[in-house]
Each structure stands twice: as C-alpha cells, then as structure tokens.
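Contents: one structure, followed by commentary.
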Amino acid sequence: MSDKMSRVPDHNKAEEVILNHIASFRRRYNSLYPRGPLLLLTPKNENYCQKSIISFVVPSLVPFAQLLNLTSAAQVLADLITYTPPSKSSSVPSQLRQPRIVIEKQTGEGAECAIALASILLGAGYQAFVVQGHALDSLVSADTSSKVCPYLDTEEKEKVALEDTSTSKYTVRPPPDMRSRYTLIMEERARRRKAFEEEELAKLKKKKKKDQNETEADTSVDLSSSLHFWVLVLPPDREIESPTFVEPTTGEIIILSPSVNHPYTYVHSVFNHKNYWACTQYEQAITAAMFNLDDSSMWMVLMEKNQINPPTPAKQKHPVPSAEEVTQHEEGVQVQPPKQSGSEPSSSPRFPKERDRKRKEKELKIPKTWASPIIVKEEALRLRFPGGWREEKYKQTLVRRYSPFTHKCGATLVLTIYDKSGTPSEIREEFERREDGLLTRVSDLMNGRVVETFARSRKDTLKHHEYWRSPSSLNERATPDGVNNPSSASINKNHTDDSNNGTSSQETFMFHSKFRVDALRCRIIGGTKWREEFDERSDLLLARTVYFSSSDPAPPRAIQRIEEEFDCPKNVEPHTAVQKRIFHISEGRILLIYHYGKHRLLQATRSFIKPTDTRTSTLTPDMTHGFQPDPSVEDVPMPQLWNTLQEEMEAEVRVGEEVRKGVEETATLRAARANEEKKILLVPDIFDIDRNETVQYILKQRQYQEAHREETERKKKEEREGHVDTIAPYMPLLLGDDADMGPDMVRERCLQDLRDRLALRANLLQDRLDQAKAYVLECREELSRRKRLGADERSLLTARTTAAEASHRRLRAQLAAWKHEASERYESLTAQLDANLKLGLRNLKRPSTSVSSNSGAF
C-alpha cells in the first residue's frame, strides 16, 4: 500500500517540475524579450487541467495508406476536421483538446488542427513540428470569398496545356537572325552590366531596410496578419529535401523557397512531443535557413540539459521591464514599455553557485504523456467530410464537395459560377461510380449548352455528348447540388447556330473510335444536316455529310444527299484516287472529285446519271461527264466507266444503309441516356465490402460454409469423445406395444443401422476410387498410344496423368483411413451397448459380428 501511495506523488511531482520549469522559461524569455510574442506553453486540456504544450502532441501511427503520405494525409485531415476560426485572432488559446477528441468530434481550432496533423505525421515517420506564428487574416479567418476558385484555375491550366499541344503542322518558320557577332557580343555585355547594377541596387536596398529595421523602436506586428498555427516538416526523413509548411486547415503543401509566396509572416515558436523552441528573432522574415534548431542565436530551447542561462540577444535595444510588467506579461497582457534609444539590456539573471551546481546535476525528464493516441475510424475516412459534404465560397464561385455515394446523382464536386450581378451562369459537375459512366457535366445556364463526358466503360463507346436546351428550363432545374436531369429540359427551338446554317443548335456525339468497328470518331447533328468523322479506316474514309429532307429526329428520314471525303492512298497517283464522293439521291446523280494531281491547280471530276433500270440499260455519253485538267491523260473507255458506275451505285446502297443504322443508333442512344438520367445507379468498387452486394453474398456464403464446417467438426469431436448418446433414439422401442422388440432386438437394430451408415460411406469412397483408377489407366494409355506429340501437348498430358495418379492415391488413403475409423466406431458403440443398464445385456452372450461382413467395400 505504501508503494502505491508513493508512486502517485512521483508522477504529480514530475508534472509539477515540468510546469515550474516552463514557468521559469517563460520568465526568462519575457525578461529578455519584453516585446516578444505571447507563447502558448501551458494551456488547459478538456478537463480544465493545466498541461505542458508538448504533452498534447502524441505520435500516432494510423493503419491507413492515405494517412501515411504527407500530401494525402494533409488533404484527408483538412477534409475530415472542420476548422473553426478564432473569435479573437490575436489571443493565444487558453484551452485545447487532445488530438484524439478533435478527430472524434471532427471540429477544431487552428492549434488543435495543427497538433492533430503533426501527431499523425510523426507517427508516419516525418520530422514534424507545430509552428506558432502570424499568418494573413484571410487564412486565419478562412475567408476565401476574394480568392479565385482553385478548381477553376486547374481546369483553365488544363485547357491551355491542351491548346498548346494541339498546334497545327502548318507553322511558319521563324525568320533567321541577321545580326552580326559584334552586335550580339555588345548586347550580351549590356545585359550583364544591367544585371550587375540591378543586383547591387537590390543589395543596397536590402541593407538600408535592415538598418532601418534595427533603428526603429516600434516593433508592432503587421495589422494584416493574425496569430495562427501550422505544421513544419524538416528534412531528411521520408525523402523531404527542404523545409516544408503544411497548412492544416486547407491541406496545402508549401515548400520554402525564394520563388514561392506563402501566407505566413512571422514565426514565434516551434514544438513537438520532445521539446519547445522559442524564436528570438520573431520579427525576421521567414526563410528556409532559419529553421536550424541548433542555432542558439535564433532559438531559445526549453528542454536543454546543460543550459543554465539563455543566450544574450545581440543588439537588443529595449530596457529591462520592471517586475510588475513581467507579471502582467505572464498573465497575458501585452506590455509596451516606453522607447529608449541606446539602452542595453542587463545581463542575464545569475544564480548562486550551489544552485547552479544542483541544477547541472538534475536532469529534467519529460513525463509520460497523458493524452491518448489518435484513432481514426474507417467510417469517418469513408465519409471524408463531416456529414458527407462540405461547402466552400470563392470569388464568384460556390463549391460543394461530396464524398462518394453521399450525393444522389453520384456527384463528388459541384461548381456554381456566378456573374457580376450574382446570378448563376454556369454549373460544373464531376461524378464517380456511376453505372452510365458519366464523369463530368458542364451546364451553361445563359445559353443552354450542356456538355457531358463519359468513361471508356460504356458499351456504346460514347465519349462526349454536347446538346442545347432552353436556358429558362435549365435554370429551373439548377440547384447548388447540381442540375437535375438537364437532358429532359425543353429544347430551345428559337436558338440558332451560324455553323449550322441558321436552322437550330447542333448536337455532337463523340465516340472512342478504337473501340468501334466503323472507327467513328464523332457525329454532329444539326437539323437536316449530319456530319460524321472517322479515324483510320481501311477504305480511307475521313468524313461523311448527310442532308435530310426533314429535321424531325425520329426515323425513318428521307435522305437527299450524301457527301463522303477520302484520304489519298499511298503509292498511288493522286489524280486517280477519289477525294470526295457525292450521292445526289433525290436527283439520281453521282459526282466524283479526285485529288489534285502533281503540279496541278485544278481537280479532275466525273459525274454520272443513274439509269432507271440497271439490268437492261447501258452507259451512254449523255449519262456521264468528266473534266480532266491534265491533257496528257487519256479518256476512260465506256465499259470501264460502266463498271465504275455500278460500283458507285452499290456503294450508294451500302452507304444509305449505314446512314440509316446511324440514325437508329442515335435514337437508341438518346433513349438510353434519358432512361439513365431517370434512374441513376451507383456501382460500388469490387473491393468495397460495405456496398458491393456480390462481395457481401460471397462473404455470407463463406461464413455459412465456415459455420457448417465448424458444426460438423464439433459433432464429430463430440461423437469421438462420447458426448453424443447414440443409443437414446432407440430406447423408446423398449416401451412400445410390440412384444417382439426386446432388448436383444433393439441392440441388433442399433448395430445394424451403424453398419449400414459405415458401409454406405465406404461404398461411396470405393466408387470414387474405381473412377479415379479408370481415369489413370485412360491417361496412361493415351500417353503410350500417342507417339508424335509436341512439347506443350506432352507436358500437358503428363501433368494430367500426374494429377490423376495423385487423386487416386489420395482416395485410396481416405478409404484405408475410413476402414480404420469404422472399426473404431463399431467397437465404441458395442462397448456403450454393453455398459447400458437399461438394456440389461451386460451378462448376455452375443454373437461376434464384424462390419466387414456386411459390406463388400471392406
């Protein structure tokens, strides 16, 4: 009892020693830097107990892959924890919760979010620290209304990159540089002279600014910044090459370099679970070189073994405050002593020699942390956001992000873009796990344009779909959660498009051409005009334009004209290959336009008038007309032209059938898209155990099989150990009306039933053994009969024979084991019958029987 009572005071004493040391550290820091920032050293925890700040950091290894990487862990925790901006941006928090509670509640202030992120990064092997300093007010207050939406910025960059890569092959060569070498040398000298002057001017400005900062007495903090906490990751652990800032509220990763602008202005201190470093040059601009924590001129260390007195700061121009000012500073009141130029700080406080000696001998030990390690639940990671979604506001943009399967339409990102008047002008949506393969959708609410993109998993190979709807109808379906089924909105019949001859808005279908037999890349539909474009066809067809008599989209539609464009084949004279073929179906004419010949400005043409009866008619000069710009080319004879006409008429029938199939395919595709939007289905991943019904069914079957196997083994074990009463079902026969059913008959019936069951199992095993033996003989016979075999066939046949022989040996061993087990069961049941007092057969002489006499299998 005395030991237990002595341990508790030791633990409390260790905490008291640490708190006293921190109080001493605070007094020394305040005496040396009276105008320094307020340090977060001993806040209260959730139980209102005063604790050291380093005890709040608990390195925690969370067994999830997304929390072991710096970038993914920062983004996941930024989404998982809802940041609460401080009410008073300049005040140091007096109470903090341990990181485990912050993760469970999914809400936290700046210091709590930073400590939770640093704890997880430390558990993942990073050299992470929590930083206290000043940052821009917009970051501290989480005000993003004046910032450009980062998702829009990413999309614009992708568009610019796409435009840069899609340059034309017809580019103008740059003009040659006609300047002389002397001119180039003089220009290079002038450039170097200008760069040198600019460098010297920058050095002078920097030195002047430094001198001005040293002579300034007013060291007030910039009003545009406020107190904030973030995370610092130092090299070289986990392949970190330079000091890196991690913003816990947004998940942004900032690598410190002169070319990177970050939202942080000053650093007051850094700490982790081992130590605390207070910055002595708290008004210096943040650089990567300042984070050398071994530099005593930059950092004042809390838990340093041999440190008795802190280093005297260089060029300190503030007077030593009075005892009253120090007390006020400890209580959280910012002290502003009067300006005095030329005053030097007094020497650091000295202790007696005996006290110094005891302090050297005594080493401070950090007590075991009171906080619990962080536990992240899988359900919270799956939802990602508290409640499943989060809303963010940017400049003229409203962003809603959703976790998978929380949005009814499968959306994960919805961007609502507003114009200057505050009216929604465009909605962009991103989807995941949809059965129809929809990935993105952009709805222009001003002109009614809708663009949809699809994944490669669609059976109809649809890649891109663009169509137009009435703007008023789209606005009625628009919500902050996206546009509800824009394809069913009313069609804008009054809208015209210049590229479509002013008839109506065109509709565009783009396909994955490499997955189609006809290599169709896109189909552009605009009223009575259709255009199809192809990729790498064997017949060199590039595009097909079809003109219909009616703009009614429902088939069948009368075809007026078909135009086809072809590429020039290789190793063929260009003037002999058709470049464009036009079928005037309504007029009964066919026009062929050939490629340009070598050094020719005009193209050869040939027109035909189709005969009314192709069987009896022949081609006459009145039915064909040709133009040949090359006079050296001889005229084509009539029989050859007749063959060409017959081939073109057959091609016209074939092309007309392909066009009708395309019309039917488009109508089917539109109907399928309408049905998909009416009934949206989300398909879970094959590894998603919680949502995939197939995986759940397989797991249930495995559980059922495992439970059945365990039950069977349990019954067998109980039967072997004698816990199962095999005789109990036969005891009611002794109490029946049948006079012939005496104890000897009951005993014989019980043994006979056991012999039948054992023999049945033995016969089944014997039948399977006979089949396996026959299969082995068949494989051996086939192997000996077939002499001429290839290496693969012989190895396959040998493997099959080996497998058959192994199966035969296994069944033979099972049969032998079953014979032994059957004899043991029979002897065990016989012993139970002899020991049963109710049967009264203990002294009765019984005939000797054997299991093998009742079955031929034994």
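Taking amide hydrogens as placed 1.01 Å from N in the peptide plane, the amide H of Ala577 sits under 5 Å from those of His595, each at least 5 positions away in sequence or on another chain. Computed from backbone phi, the HN-Hα couplings of the stretch 266-281 come to 9, 10, 9, 6, 9, 7, 9, 7, 10, 7, 9, 10, 9, 7, 7, 10 Hz, rounded to whole numbers (Karplus: 6.51 cos²θ - 1.76 cosθ + 1.60, θ = phi - 60°; Gly and Pro given as x). Principal axis analysis of the Cα atoms in the stretch 13-89 yields extents of 45, 33, 24 Å, listed in decreasing size. The gain in end-to-end length when the Ser145 to Lys105 segment is fully stretched comes to 11.7 nm, 0.36 nm per residue minus the alpha carbon separation.
Placing +1 on the Cβ of every Lys and Arg and -1 on the Cβ of every Asp and Glu, with nothing else charged, gives the stretch 604-647 a dipole about its Cα centre of roughly 180 debye. With all protein chains in place and ligands, DNA and RNA left out, the 1.4 Å accessible area ranks Tyr730, Tyr697 as Tyr697, Tyr730, largest first. Note on Asn675 and Arg589: their simple-model spin labels are 4.5 nm apart, each label 7 Å out from Cα toward Cβ.
Only one residue of His808, His820, Ala835 has its Cα farthest out toward the positive end of the dipole of the stretch 793-835, where Lys and Arg carry +1 and Asp and Glu -1 on Cβ, and that residue is His808. The slack between Lys205 and Met446, meaning 0.36 nm per residue of separation minus the straight C-alpha distance, is 81.6 nm.
I need the per residue convex hull volume for the stretch 735-821, using only the alpha carbons, in cubic angstrom as a whole number. In the stretch 735-821, the Cα hull volume divided by residue count equals 106 Å³.
Spin-label model, Leu602 to Glu46: label points 7 Å out along the Cα-to-beta-carbon direction sit 9.1 nm apart. For the stretch 366-525, the square roots a ≥ b ≥ c of the C-alpha gyration tensor eigenvalues yield an a/c of 1.5 or more together with a/b not exceeding b/c, which makes the shape oblate. A 1.4 Å probe, protein heavy atoms only, puts the accessible area of Arg691 near 80 Å². Site pair Arg800 and Leu760 shows an inter-label distance of 3.5 nm when each label is modelled 7 Å from Cα along Cα→Cβ.
If the segment from Asn643 to Gln396 were pulled out straight at 0.36 nm per residue, it would be longer than the present Cα-Cα gap by 82.3 nm. Applying 1/(1 + (r/R0)^6) with r as the Cβ-Cβ distance of Val683 and Thr479 and R0 = 22 angstrom yields a FRET efficiency of 0.35.
As a fraction of the 1.4 Å probe accessible area of the stretch 62-142, surface on carbon and sulfur atoms comes out at 52 percent.
The values are calculated or read from the model by the stated rules, or taken from the named source; none is laboratory data. Treat the numbers as computed from the prediction; the structure is a model and nothing was measured. When we count neighbours, we look across all protein chains shown, and the Cβ atoms used for this are built from the backbone with ideal geometry, even at glycine. SASA here: full protein model, heavy atoms, side chains in, ligands and nucleic acids out. Shrake-Rupley method; radii C 1.70, N 1.55, O 1.52, S 1.80 Å.
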